[in-house]
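Just so you know, all these numbers are worked out from the coordinates, no wet-lab data involved. Quick caveat, the model's predicted, so the values are computed rather than measured. Here the Cβ positions follow ideal geometry from the backbone for every residue, glycine too, while neighbour counts run over all protein chains shown.
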Amino acid sequence: MRMYDLIMKKRNGGILSEEEITFMIQGFTAGKIPDYQMSAMMMAVYFQGMNEEETLHLTMAMAHSGDMLDLSQIAGVKVDKHSTGGVGDKTSLALTPMVAACGVKVAKMSGRGLGHTGGTIDKLESFTGFTTGISEETFLNNVNRIGIAIMGQTADLAPADKKLYALRDVTATVDNMSLIASSIMSKKLASGADAIVLDVKTGSGAFMKKEEDAFALAKEMTKLGNNAGRRTYAVISDMDQPLGFAVGNALEVKEAIATLQGRGPEDFTELCMTLGSYMLIAGGCAETEKEAREKLAAAVERGDALAKLAEFVEAQGGDKKAVFHPELLPQASIIEEIPAPRDGYVSRIQCDEIGICSLLLGGGRETKESEIDLSVGLILRKKKGDYVKKGESLAQIHANDRSRLESARERFLAAYTIVEQKPEPEPLIKGVILPKQ
Ligand code: URA
């Protein structure tokens, strides 16, 4: 088999067989197929697409390109959750202790933030000493013992995807549905969970700006997961404005803690309840959404969910005191309000720009190697549909550097649109895709 022939076949609109896709992925992972040939193939796929079968073969080949984590030592159903990424998306921080407190085992691989989106690992590192660099043995023991463990993506997990994603990133071939779906799902399948709940974001802060594209991606990913024998659910949720009010690592941790105390923002709490319900159902801890919601609410009310966060933080080396005393988390030295330039209703928030404000303050990574400032970020005071008077605060900005603060302030104000007419409210949850019974 020759890579040249496969490129030509795809370029001309042909369908690649399982054998051909496996040859291509194995050869690329082993360094036998050079980047320039794989780039040409990615561009051919970008223009010609892949059908359902090809996408499944690609996903399986990438999932099997490295270690497949074996979670069989953990009793019961193991559930994973994945978000396609957004701004202020601290969902895993509150959701995982909530569901673990209800008896669902969460074995999760998380990533760091890149670009305008944040990452769970960076946020968790706001707890002094917290690490995701734990051994596989500790990971399995912790899930068994306390019901929750979060690990960083290891180099041995779906290495083909790692290499391919880096190539797609620099050859304008990221935004193809089959390539995105196979990239995300290959990592999820290699991580070993029995069931997967996907949070597919849509809107100006999301990867999928258009709702129809988010639905198409959600359908593609749930099909891949279910065909691979993992019960897969998808919730399509709004990311046309930041989730909750806090954007920035330690600020988001504080908001997640408040949510576990029953004092969280309405949208964020609702998203946790929705995703949490499917995790409980998938994990066999509830039969219906109603029952699941009641269990989740009770875990928060009793303080079990907050106690679970403390247990999890401590088990991964972090200082659990900050869970009960969030004032111990990193704090910025300059805190200022951003006054509204005029009276009116907030009709639009360019969500990715708010993520970039946090990045400008030092809270995100410009490159993979960047050091981040965990204390900086924004607390929004007004969200879409809110009325604001001129001079009233739109947001509180947390910074450690005056010039960074000024650039973020300017960018922030440009991201808000204030109009006279009250805009129509948009639903948070756009849709749900359930696995077939
Ligand atoms: N996230 C991934 O992991 N892969 C993609 O292709 C896009 C987003």
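Kirkwood hydrodynamic radius for region 331-419: how many Å is it when counted over pairs of different Cα atoms? Averaging 1/r across every pair of different Cα atoms and inverting gives 13.2 Å.
With both labels modelled 7 Å from their Cα along Cα-to-Cβ, the residue 175 to residue 386 distance reads 3.0 nm.
Between helix 159-169 and the chain there is an angle of about 70 degrees, using the helix long axis and the longest principal axis of the Cα atoms. Here the extension length gained between residue 428 and residue 2 equals 148.5 nm, from 0.36 nm per residue of separation less the Cα-Cα distance. Here is the list for region 301-387: GluC sites (Glu not before Pro) lying in DSSP coil, each with at most 12 other C-beta atoms within 10 angstrom of its C-beta, are 366, 369, 371. Going from the fewest other Cβ atoms within 10 Å to the most, the residues 46, 278 appear in the order 46, 278. Couplings for region 9-21, taken from phi via the Karplus curve 6.51 cos²θ - 1.76 cosθ + 1.60 with θ = phi - 60°, read 4, 5, 4, 8, x, x, 9, 7, 7, 4, 4, 5, 5 Hz in order; Gly and Pro are left as x. Compared with the dominant principal axis of the Cα atoms in the chain, helix 136-146 is inclined by about 50°. Amide H contacts under 5 Å for residue 430: 236, 237, 238, restricted to partners 5 or more places along the chain or on a different chain, H placed in the peptide plane at 1.01 Å from N. For the chain, the mean residue ellipticity at 222 nm estimated from helices alone is -14000 deg cm²/dmol, where every DSSP H run of n ≥ 4 contributes -39500 (n - 2.57) and the total is divided by all residues, rounded to the nearest 500.
Nearest 10 degrees is fine. How inclined is helix 351-360 to the longest principal axis of the chain, computing both from alpha carbons? Its long axis makes an angle of about 80 degrees. Simple spin-label estimate for residue 154 and residue 131 gives 1.5 nm between the two label positions (7 Å along the Cα-to-Cβ direction from each Cα). Place a label point 7 angstrom from the Cα of residue 421 along the Cα-to-Cβ direction, then list the residues of region 331-351 whose backbone nitrogen is under 20 Å away. Residues passing the 20 Å test: 342-350. Once you order the gyration tensor axes a ≥ b ≥ c over the Cα atoms, which shape class does region 3-49 get: rounded for a/c under 1.5, otherwise prolate or oblate by comparing a/b with b/c? Here region 3-49 falls in the oblate category. Applying the Kirkwood pairwise sum to the alpha-carbon positions of the chain produces a hydrodynamic radius of 22.4 angstrom.
Distance from the alpha carbon centroid of region 220-238 to that of region 400-424 works out to 36 angstrom. Note on residue 302 and residue 36: the model spin-label points, each 7 Å out from Cα along the C-beta direction, lie 6.4 nm apart.
Residues 56, 378, 71, ranked from the fewest to the most other C-beta atoms within 10 Å, line up as 71, 56, 378. Once you reduce region 291-368 and region 1-76 to the center of their Cα atoms, the two points are 38 Å from each other.
Gain in length, residue 51 to residue 406, computed as 0.36 nm per residue apart minus the alpha-carbon separation, to one decimal in nm?
Values: separation 355, 0.36 × 355 = 127.80 nm, distance 4.86 nm.
Stretched fully, the residue 51-residue 406 segment lengthens by 122.9 nm.
Ordering 170, 200, 300 by the number of other Cβ atoms within 10 Å of each residue's own Cβ, fewest first, gives 170, 300, 200. Couplings 3J(HN,Hα) of region 393-405, computed from phi: 6, 8, 6, 9, 10, 10, 9, 10, 8, 4, 5, 5, 4 Hz, in residue order, whole Hz [Karplus 6.51 cos²θ - 1.76 cosθ + 1.60, θ = phi - 60°; x for Gly and Pro].
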